[in-house]
Amino acid sequence: MGAISLVTQNWQVQFAAFSLLAIVPAVVAAWRGLRQGRQRRLRQSLVGRTAVVRHPIRQGARGEVLVDGCLWIAVAPQAQRNLPRSEPVRIVGVDGLVLLVEPIAKQKPSAPLGTEGKAQEGL
């Protein structure tokens, strides 16, 4: 005999109590699973995107980056230098709620098209 039978012998009340006690945990578990899956997909969708440093990221320490108007905690484990405010970074991974970032390599400006050989023509 279950604990509910100590309260009442009415089978309809027992059935309702059992149903409630069986369904509520299942619904809560399903809701939490959906929520966690949605959060995981959101975090993984950030990988490969560009962010801007808002609070400097020092070597071995955390800072903050701005992505789509949202501040995220970030670390730069592979950075060889501190990352100052306003520096663009690329998101390379996610560890829980912390973004793993790396500085975006600055490209050297290239010569305008058609001007590469003109300096040598005068020789």
Could you list all residues from the stretch 3-19 that are surrounded by 10 or more Cβ atoms within 10 Å (Cβ to Cβ), out of contact with any Phe, Trp or Tyr (no Cβ under 8 Å at 6 or more places or on another chain) and at pLDDT below 65?
5
Go through 112, 103 for me and flag whichever is modelled with pLDDT of 90 or more and more than 15 Å from the chain's Cα centre (by Cα).
103
Inter-residue pairs, beta-carbon under 9 Å, first among the basic types (Lys, Arg) and in the stretch 63-83, second in a loop (DSSP other than H, G, I, E, B), 6+ apart
81/59
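The values are calculated or read from the model by the stated rules, or taken from the named source; none is laboratory data. Note that the structure is predicted; figures quoted are calculated from it, not measured. With ideal geometry, Cβ positions are generated from the backbone for all residues, glycine too; neighbour counts draw on all protein chains shown.
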